[in-house]
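The structure appears below as structure tokens.
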Amino acid sequence: MNDNPRLDPPARVLLTKIGLDGHDRGSRIVAAYLRDAGMEVIYTPPWQTIEAVVKLATEEDVDVIGLSSLATDHLIVPKFVTALRTAGLDHVGVLVGGIIPDDERPALIDAGVKAIFGPGSSRATIVEQVTETAQQARQTRNASLWESAR
């Protein structure tokens, strides 16, 4: 039995890989975790461009984007977050998973990444953080919509 709170409607999560890293086994496992937890998961093949992911995030109206990096593709995440903000998607939560050296993690957090998951992160931790990030994204978006309607 799953004790994690579910959003209604379910959280919409885009899982992808930007850059040239083609190793996607971990992200496929995370996709299964999130689907099992009742989330809607949009999964892309590897080798996506920043522009393509921003476009897809807009079209799919996602709450969270999970980026996977097992090479050095995490170094373009700050540019990705900037592109999201430029597209008006600053409410969308960004999470990163994979091999991220400890000394490079602060740059990702400073860019706006909500959490970083390394190898061995538990299913419960991932699902909990994605759920929390989706809730925050919806609250931020709703507050922005409410403010613009005034």
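The values are calculated or read from the model by the stated rules, or taken from the named source; none is laboratory data. None of the values given here were measured: they were computed from a predicted structure. Don't worry about glycine lacking a Cβ; one is built from the backbone with ideal geometry, like all the others, and counts go over all protein chains shown.
Data for the structure
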item	result
Filter result for Val96 (aliphatic (A, V, I, L, M), closer than 15 Å to Val81 by Cβ, within 13 Å of the chain's Cα centre (by Cα) and at pLDDT 95 or above)	yes
Qualifying residues in the range 25-43 (those that are modelled with pLDDT under 95 and in contact with a strand residue (DSSP E or B) (Cβ under 7 Å, 6 or more places away or on another chain)) - the one surrounded by the most Cβ atoms within 10 Å (Cβ to Cβ)	Ser27
Subset tally (residues that are in a strand (DSSP E or B) and either free of Cβ contacts under 8 Å to residues at least 60 places away in the same chain or out of contact with any helix residue (DSSP H, G or I) (no Cβ under 8 Å at 6 or more places or on another chain) (or both)) for the range 18-48	5
Failed condition for Arg12, given (1) basic (Lys, Arg); (2) out of contact with any Asp or Glu (no Cβ under 6 Å at 6 or more places or on another chain); (3) under 21 Å from Gln129 (Cα atoms)	(2)
Residue within the range 134-148 that is in contact with a helix residue (DSSP H, G or I) (Cβ under 6 Å, 6 or more places away or on another chain) and touching a residue at least 24 places away in the same chain (Cβ under 8 Å) present	no
Any hit, the range 63-86, residues being touching a residue at least 60 places away in the same chain (Cβ under 8 Å), within 15 Å of the chain's Cα centre (by Cα) and over 17 Å from Val130 (Cβ atoms)	yes
Residue match in the range 67-80 (condition: basic (Lys, Arg) and closer than 27 Å to Pro9 by Cβ)	no
